Amino acid sequence: MLNKVMLIGRLTRDPEMRYTQSGQPVTSLSLATNRYWNDRDGNRQEGTDFHDVVCWNQGRRNLAEIVAQYTHKGALVYVEGRLQTRSWDDQNTGQKRYKTEVVAENVQFLEPRGSQPGAAPVGAQSGGPQQVPPAPSAPVRDVDPDDIPF
């Protein structure tokens, strides 16, 4: 079986790092990705999907801390991970609630550090050279951070 997610998108808000009761850091992000298709009349359509992403430190890799420190709202990132669904009982209504999120295994920053022209991209991935997935065949139009409603 395979559970693999690969996303390229922009952060819709600044990352939020917190600590578990045992002191383990965890960083949450919200990522917007664009998709394109042609409708029945052949007109090009565009949609935006929003993804909740969770980053944990993994062994000696401080992924949660690095992502919290070096990303910000509007940053373009590549996230690779797996889908996970959590459930809990809502204390207010007593109903069972579910949330599906991406648990990040690798995060790559696709823009120069500090958005300075000519700076090299920085990655928070495990060892080896930085690999960026191939560009989509459709023209890429990013989500403008100012258009994000939250």
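The values are calculated or read from the model by the stated rules, or taken from the named source; none is laboratory data. Just so you know, these numbers come straight off a predicted model, no measurement behind them. Cβ coordinates were reconstructed from backbone atoms using ideal geometry, including for glycine residues, and neighbour counts include every protein chain displayed. We work out accessible area using only protein heavy atoms, side chains counted, and drop any ligands, DNA or RNA first. Shrake-Rupley method; radii C 1.70, N 1.55, O 1.52, S 1.80 Å.
Hey, how many Å between the Cα centroid of the stretch 1-73 and the Cα centroid of the stretch 85-111?
11
Given labels modelled 7 Å from the Cα in the Cβ direction, how far is it in nm from Asp89 to Lys73?
About 3.7 nm separates the two model spin labels.
For Lys73, list long-range residues whose amide hydrogen, built 1.01 Å from N in the peptide plane, is under 5 Å from its own amide hydrogen.
Hits under the 5 Å cutoff: Asp14.
Give, in nm to one decimal, the length gained when the segment between Arg60 and Glu16 is fully stretched (0.36 nm per residue of separation minus the Cα-Cα distance).
Full extension from Arg60 to Glu16 adds 13.8 nm.
Report the accessible area of Thr85, computed with a 1.4 Å probe over the heavy atoms of all protein chains in place, in Å² rounded to the nearest 10.
90
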